[in-house]
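Working notes for the structure below.
The values are calculated or read from the model by the stated rules, or taken from the named source; none is laboratory data. Quick caveat, the model's predicted, so the values are computed rather than measured. Quick reminder, even Gly has a Cβ in these numbers, built from the backbone with ideal geometry, and neighbours come from all protein chains shown. All accessible areas refer to the heavy atoms of the entire protein, side chains included, with ligands and DNA or RNA removed. Shrake-Rupley method; radii C 1.70, N 1.55, O 1.52, S 1.80 Å.
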Amino acid sequence: MTDSVELKFLLQLKLSSRQTQSLPLSIACPKVCVCVSVCCSILRTSVCGSRPLLLPSITSPNKMDQKKTDRDSSHRNGIGQVVLYGEFTATDNRKVRYAVSLTELDLTVQKITSAPAGRSKVVFNLSDCIGCRAFKGEDNTDVGAYFSAYFYPFKRRWMSSGVARQRVEQCFRVALAQDSHANLEEAQRWARAINEGSVLQRPQRDGVLYSEVRRPCRVMLLVNPHSGKGQALSLFTGHVQRMLTEAGVPHTVVITERQNHARELAREADLSQWDALVIMSGDGLLFEVVNGLMEREDWESAIQTPLGILPGGSGNALAASIHYYSGSQPVSSEELLVSCGFLLCKGLVSRLDLVSVNMASSQRLFSFLSLAWGFVADVDIESEKYRHVGAARFTVGTLVRLASLRVYQGRLAYLPVDEPPSRAEVSPPLPASAFCSSLLCRPSKASSHQNTFHNSCNSNNAGKARRVDGPTPAPRGPADSLLAPLEQPVPGDWTVVAEEDFVLMLAMYQAHLGEDMLAAPGSAPDDGLIHLFYVKAGISRTALLRIFLAMEKGAHLATGCPYLVYVKVRALRLEPLSPKGVITVDGEAVDYGPVQAQVHGGLARLVSG
């Protein structure tokens, strides 16, 4: 297969897979839709009941050690000690009864029938529960009380072999006596026990020390109504608002009105009124919030405010990374939103690395996601015109840019971590003294290559691209101890890349570059590393497309492409020599010119579980 024929085949495969993923179920298979609707109606039927019974617990001092041993043994065997037991009836049919038992690990619901073989049992893990509430019925003549538990277990998806979190509500009616107050107290006791058990069953991740958002927490939730396809507000009311209510999380919604509105709010807000700041948008809004916090006089305490993100844009890279860190199977669109909403409701907080980015204009920004130059930056900015198609904008932008592949001239240097690069064949480094950041250092070389590299990108002046410019408060934050001033050579322990002709440079500090682009599968939110990728000039369009196709599953490093280099670093410096181009920070265009960056480990806090 020739190179051009193979490239055409890969492009068609890429486009056809996108079309299949975005095809509405009602169009793909109308008959299946009818079956789905019927099944969903059946699954939504809730159960309620009465006759609660409390099993006595062993609390005598001489048996406390034995109780702890039994509990530990039960946890090891996957069996929890029964805490509460009750028999309840359904709301719509009080002749239908259920036996409900609560352990330290799960809630078990079993229908009570006369035929033993007909008893069906369903077990709900408390780690999948985000909350439980007790309440009175709407009928004032009903002496019964109710409690509803809200679970989001992993269930198999329709038309797919994967699993995703799906909402399941379990509602029970308590009718212990003819006293409505006593019934409500009993329902509240069950709700309290389920909530406490849910908190204890926290998700765990090796090597991660979690803290917890204060409960009940006060959340400021910033929504950008124009992000992605412009559906962020409807997605919030359709999914997130209900989840926060179920989890008992009080929140105030703020609709952003203009560019940098969120930045101003974060810079000026009284943070003592909020326990967390949550962003419902793409990655750009969180970029504004992070930099707004770092521009405050009290930045050291302000940046400790837990930050949460819910995918409502087209990129959603950090949201996809958080989902990936939880160990769950890949999902996208509304399934990713439900997953991130679930993790937000759990309220566990981990550390988040930030990278300080310094430019020749003396502007200093803080980045949580990426620094890009070349192909990736061009696609990010130029695909703005395809924003109406959502996450597929990056696929379209990639294909368009592949059709006219550009080469960029520049100098790249970095401070490596004490381990060799991933590829065995690494070009011999230049001495650090050979690296100068000023564009005036090599005027003759730049001008001699101006026509050779056919770099005609004008995106740095694009009117539609969101830019980070204009007057900003004085830079704050920790000192960049690893960086020399831009007008001076890099320190002697840095590595200077010999090549000067590149297709792209991408510095990542999270796992995902987009919902379906697993760029740095070995990263963690607080590993203190910059995952640096660069692609040298000379790569074919087919090979570059193969890399991006493999990146969907994080397999791009296994392609064995000799033009792709990956190295873990602590700091880097880039000097573009091509006269035109784009540099992006977290997907936002910044001033085109020399730039350098350093990672600051665990500087911020992220709600991630």
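Greater than 20 Å separation of Cα atoms is the criterion. Which listed pairs, 111/136; 346/553; 95/121; 121/155, meet it?
Details: 111/136 23 Å; 346/553 27 Å; 95/121 18 Å; 121/155 17 Å.
Beyond 20 Å: 111/136; 346/553.
The label point for residue 92 and the one for residue 498, both projected 7 Å from the Cα toward the Cβ, are 7.3 nm apart.
Estimated translational diffusion coefficient (Stokes-Einstein, Kirkwood radius over Cα pairs, 4 °C, 1.567 mPa s) of segment 295-389: 82 µm² per second.
Going out from 0 in 5 Å bins, what whole percent of all Cα-Cα distances in segment 486-571 drops into each bin? Taking every Cα pair in segment 486-571, the percentages come to 3, 13, 22, 24, 18, 11, 6, 3, 0. The three principal axes of the C-alpha atoms in segment 334-379 carry coordinate ranges of 42, 26, 12 Å, sorted with the longest axis first.
Grouping the Cα pair distances of segment 497-544 into 10 Å bins from zero gives a pair-distance distribution of 23, 43, 29, 4 percent in increasing distance order. Measuring r between the beta carbons of residue 326 and residue 242 and using R0 = 22 Å, the FRET efficiency lands at 0.60. Seen through its C-alpha gyration tensor, with square-root eigenvalues sorted a ≥ b ≥ c, segment 538-606 comes out oblate because a/c lies at 1.5 or above while a/b is not bigger than b/c.
Cross-link reach is defined here as a Cα-Cα straight distance under 18 Å, omitting same-chain residues fewer than 8 places apart; for residue 536 the aspartates and glutamates meeting it are 378, 425, 499, 500, 501, 575. Taking a point 7 Å from the Cα of residue 362 along the Cα-to-Cβ direction, the residues of segment 484-499 with backbone N closer than 16 Å to it are 485-488. Just need log10 I(q)/I(0) for segment 102-186 at q = 0.13, 0.16, 0.17, 0.18 Å⁻¹, Debye formula, equal scatterers on the alpha-carbon atoms, no solvent, rounded to two decimals. Calculated log10 I(q)/I(0) at the listed q: -0.58, -0.81, -0.88, -0.94. At a 1.4 Å probe, what is the % contribution of carbon and sulfur to the accessible area of segment 232-297? Of the solvent-accessible surface of segment 232-297, carbon and sulfur hold 48 percent. Computed with every protein chain present, the accessible area of residue 152 is close to 10 Å² [probe 1.4 Å].
Thinking of segment 206-356 as a set of Cα atoms, what percent of all their pairs are more than 22 Å apart? All intermediate terms of the calculation are to be shown ahead of the outcome.
On the way: 4089 of 11325 pairs.
Cα-Cα pairs in segment 206-356 separated by more than 22 Å: 36 percent.
In this structure residue 512 has an accessible area near 20 Å², from a 1.4 Å probe over the protein heavy atoms.
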